[in-house]
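Peer 1: Have a look at the structure that comes next, please.
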Ligand code: UD1
Ligand code: CA
């Protein structure tokens, strides 16, 4: 009688359909995320390095939550508090608490030791101990849910004790190699780590991906039997395969169709590769969902971004963080949005940088607009070139078309913000609010010294510095009266061509004042301009 039987199944290409089970009963997930990741040569722990804008560990955690619901434990160690925060923030619902249990591995004694730390999490509770565990490395961001479901299916179908995911690579260096028995079935006998492998084993191109399904009844008793006498002096999780095999249990394996999916990120090169693959997957997903990309290769979309149908992305658009874009929008080149909410029919021209802002339907922005956090651009409002905004609500249909800074402002509907308008919101110590009510017309080069309110429908003359509240429907003009001196320029020129050329060209500020000494100012034809222009 053969002591173990192996089952090899190629992964199915069929996508997970609606009939597919959601959360699997009796299943628990353990994600190993305690290692430093020495080969990254980084101050930051490996699992926090982002792939497509999302910390690597969240790929494994997200997958775990999708297949096992709330029975997910993450083993943390290096920068434990930071990793915990990232996971809590990403997985906590509106009601607060995260469904993910965090356990600490104080010393990183190996992957087997890491999984052992999760035992107390699942030992107690009404539902009893899990019947199976899905164990995931925290550094395999390309792994797909359908593959994991296939692994679980094969585990059941083969009635295996341990089922592993493998991949056949051109270059297997660095990975644990899958050693198969010399039987007809070529079942998996053990995994040998790269550093423990002899020459013959190193030549094996089938690798252990680091994704396992293990029977609950077997897992922890096997982990207790691990022996760290290997090249790294660690408790290897992978040694449980040999333990299962030796005790006559079945070990099954699923070989990945697409070996890319099995990429484990240990180095910056592998991180860069993972980034490329994930980016491509994300672009394909949105192309399939009805988004147009003029040049997909230069379009950067983070993992958590969503985009509506018939939206068009021009080359070199970057969508970051939790950005949500509606339908029928157009985003022109070299524009970057981070954590923004964009409605439908919004047009954003080239070279814009927006963070943490909300653009309502039909808004029109750019080129060269800068939105810092806390901006709301209401329906059909327009923001043009070289306008910077921060914590500002620009009302429906309002326009700020050119060269302005609008900070800490509440701007009503149908307001015209003239070119060069500045909210002077900061006195060096504190920030103050500017309120501009509906229908106000601000002329060009207006300065608003906050806190200040401009009442509805008021008109602010160009060049005005508004220091006090303006009543509704008023005209406000605050600027130095204009002085026109007839013939002054001509007389100055005459002086220049005359005897005293040096005086005029040398010190403009002092000498020409002699021109005005002959006659008093009033008689030189001065004229205060009456009309104010917007
Ligand atoms: C591991 C596997 C190897 C496999 C490869 C796939 C073992 C012994 N080896 O090797 O067979 O081919 O993954 O990518 O499992 N971790 C802890 N605590 C520890 C050590 C590691 O939580 O004490 C975590 C790491 O943070 C990481 C994961 O476990 O997320 C894997 O550790 P890593 O050091 O990357 O293992 P590999 O050498 O890549
Ligand atoms: Ca690894």
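Peer 1: Take the residues in segment 211-221 that are crowded, with 23+ Cβ neighbours inside 10 Å and away from ligand 2 (no atom under 16 Å from the Cβ); name whichever of them is farthest from the chain's Cα centre (by Cα).
Peer 2: The first filter runs over segment 211-221 and keeps only residues crowded, with 23+ Cβ neighbours inside 10 Å, leaving 211-214, 219.
Now drop any that are not away from ligand 2 (no atom under 16 Å from the Cβ), which leaves 213-214, 219.
On the way: 213: 31, 214: 34, 219: 36 Å.
Looking at the filtered set, the residue picked out is 219.
Okay, residues lined up against (1) under 29 Å from residue 146 (Cα atoms); (2) in contact with a strand residue (DSSP E or B) (Cβ under 8 Å, 6 or more places away or on another chain); (3) within 16 Å of ligand 1 (Cβ to nearest atom):
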| position | (1), (2), (3) |
| --- | --- |
| 251 | yes, yes, yes |
| 254 | yes, yes, yes |
| 262 | yes, yes, yes |
| 284 | yes, no, no |
| 318 | yes, yes, no |
| 348 | no, yes, no |
| 359 | no, yes, no |
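Peer 1: Return the total of residues in segment 109-162 being more than 30 Å from residue 39 (Cβ to Cβ) and within 11 Å of ligand 1 (Cβ to nearest atom).
Peer 2: If we filter segment 109-162 for residues that are more than 30 Å from residue 39 (Cβ to Cβ), which is where we start, we get 120, 122-132, 149, 152-161.
Next cut, within 11 Å of ligand 1 (Cβ to nearest atom) only: none.
Total meeting the criteria: 0.
Peer 1: Give segment 227-268 a look and list any residue that's in a helix (DSSP H, G or I) and within 13 Å of ligand 2 (Cβ to nearest atom), or say none. Spell out how you get there, then give the answer.
Peer 2: As a first pass, look at segment 227-268 and keep what is in a helix (DSSP H, G or I): 239-246, 259-262, 268.
Result: 262, single match.
Peer 1: Would you point out which residue out of 335, 306 is surrounded by fewer than 22 Cβ atoms within 10 Å (Cβ to Cβ), within 25 Å of residue 390 (Cα to Cα), more than 16 Å from ligand 2 (Cβ to nearest atom) and within 17 Å of the chain's Cα centre (by Cα)?
Peer 2: Details: 335 fails: surrounded by fewer than 22 Cβ atoms within 10 Å (Cβ to Cβ).
Exactly one of 335, 306 is surrounded by fewer than 22 Cβ atoms within 10 Å (Cβ to Cβ), within 25 Å of residue 390 (Cα to Cα), more than 16 Å from ligand 2 (Cβ to nearest atom) and within 17 Å of the chain's Cα centre (by Cα), namely 306.
Peer 1: Okay, next question. Does residue 423 qualify as being modelled with pLDDT of 95 or more, more than 34 Å from the chain's Cα centre (by Cα) and not in a loop (DSSP other than H, G, I, E, B)? Before you say what the answer is, go through the steps one by one.
Peer 2: Numbers: modelled with pLDDT of 95 or more: yes; more than 34 Å from the chain's Cα centre (by Cα): no; not in a loop (DSSP other than H, G, I, E, B): yes.
When the stated conditions are applied, residue 423 does not pass them.
Peer 1: Filter segment 264-282 for residues that are over 30 Å from residue 159 (Cβ atoms) and touching a strand residue (DSSP E or B) at 6+ places or on another chain (Cβ under 8 Å) and give the result. Reasoning before the result, please.
Peer 2: Of all residues in segment 264-282, those over 30 Å from residue 159 (Cβ atoms) come to 265-282.
Within segment 264-282, 265, 271, 274, 275, 278, 279, 282 qualify.
Peer 1: Checking the structure you have, find out if any residue of segment 89-99 is near ligand 1 (Cβ under 10 Å from one of its atoms) and either touching a helix residue (DSSP H, G or I) at 6+ places or on another chain (Cβ under 9 Å) or farther than 11 Å from residue 34 by Cα (or both). Don't jump to the end; show me each part of the working.
Peer 2: Keep residues of segment 89-99 that are near ligand 1 (Cβ under 10 Å from one of its atoms), which gives none.
Within segment 89-99 (the criterion being near ligand 1 (Cβ under 10 Å from one of its atoms) and either touching a helix residue (DSSP H, G or I) at 6+ places or on another chain (Cβ under 9 Å) or farther than 11 Å from residue 34 by Cα (or both)), the answer is no, since none of the residues qualifies.
Peer 1: Could you figure out which of (1) surrounded by 15 or more Cβ atoms within 10 Å (Cβ to Cβ); (2) more than 15 Å from ligand 1 (Cβ to nearest atom); (3) over 20 Å from residue 259 (Cβ atoms) isn't true of residue 190?
Peer 2: Unmet condition: (2).
Peer 1: Within segment 102-123, does at least one residue satisfy the condition of being within 16 Å of residue 69 (Cα to Cα) and touching a helix residue (DSSP H, G or I) at 6+ places or on another chain (Cβ under 6 Å)? Before you say what the answer is, go through the steps one by one.
Peer 2: Taking segment 102-123 first, the residues within 16 Å of residue 69 (Cα to Cα) are 102, 121-122.
Narrowing the set further to residues that are touching a helix residue (DSSP H, G or I) at 6+ places or on another chain (Cβ under 6 Å) leaves 102.
For segment 102-123, residues within 16 Å of residue 69 (Cα to Cα) and touching a helix residue (DSSP H, G or I) at 6+ places or on another chain (Cβ under 6 Å): present.
Peer 1: Taking the residues in segment 179-210 that are in contact with a helix residue (DSSP H, G or I) (Cβ under 9 Å, 6 or more places away or on another chain) and within 16 Å of ligand 2 (Cβ to nearest atom) as candidates, determine which candidate is farthest from residue 244 (Cα to Cα).
Peer 2: So the residue we want is 194.
Peer 1: Looking at segment 439-451, which of its residues are in contact with a strand residue (DSSP E or B) (Cβ under 6 Å, 6 or more places away or on another chain) and either surrounded by 21 or more Cβ atoms within 10 Å (Cβ to Cβ) or assigned to a loop (DSSP other than H, G, I, E, B) (or both)?
Peer 2: Of everything in segment 439-451, those that are in contact with a strand residue (DSSP E or B) (Cβ under 6 Å, 6 or more places away or on another chain) and either surrounded by 21 or more Cβ atoms within 10 Å (Cβ to Cβ) or assigned to a loop (DSSP other than H, G, I, E, B) (or both) turn out to be 440, 442, 443, 446, 448, 450.
Peer 1: Considering only segment 172-217, how many residues are within 21 Å of residue 39 (Cβ to Cβ), part of a loop (DSSP other than H, G, I, E, B) and free of Cβ contacts under 8 Å to residues at least 24 places away in the same chain?
Peer 2: 1
Peer 1: Could you list, in sequence order, the residues of segment 1-43 that are assigned to a loop (DSSP other than H, G, I, E, B), within 16 Å of ligand 2 (Cβ to nearest atom) and either surrounded by 14 or more Cβ atoms within 10 Å (Cβ to Cβ) or at pLDDT below 95 (or both)?
Peer 2: Taking segment 1-43 as the starting set, the residues that turn out to be assigned to a loop (DSSP other than H, G, I, E, B) are 1-7, 11-26, 34-37, 41-43.
Okay, now just the ones that are also within 16 Å of ligand 2 (Cβ to nearest atom), so 34-37, 41-42.
Answer for segment 1-43, where residues must be assigned to a loop (DSSP other than H, G, I, E, B), within 16 Å of ligand 2 (Cβ to nearest atom) and either surrounded by 14 or more Cβ atoms within 10 Å (Cβ to Cβ) or at pLDDT below 95 (or both): 34, 35, 36, 37, 42.
Peer 1: Moving on. For residue 163, indicate whether it is away from ligand 2 (no atom under 16 Å from the Cβ), touching a residue at least 24 places away in the same chain (Cβ under 8 Å) and under 22 Å from residue 266 (Cβ atoms).
Peer 2: On the way: away from ligand 2 (no atom under 16 Å from the Cβ): yes; touching a residue at least 24 places away in the same chain (Cβ under 8 Å): yes; under 22 Å from residue 266 (Cβ atoms): no.
Here the answer is no, as residue 163 does not meet what is asked.
Peer 1: Just to confirm my filter: which strands (runs of 3 or more DSSP E) fall fully inside segment 44-143 and include at least 2 residues that are closer than 22 Å to residue 271 by Cβ and within 16 Å of ligand 2 (Cβ to nearest atom)?
Peer 2: Working: elements: 72-76, 100-104, 132-137.
Because the criterion is at least 2 residues that are closer than 22 Å to residue 271 by Cβ and within 16 Å of ligand 2 (Cβ to nearest atom), the strands (runs of 3 or more DSSP E) in segment 44-143 that meet it are 72-76, 132-137.
The values are calculated or read from the model by the stated rules, or taken from the named source; none is laboratory data. Just so it is clear, the model here is predicted, and its values are computed rather than measured. No Cβ is skipped: glycine too gets one built from the backbone with ideal geometry, and neighbour counts run over all protein chains shown.
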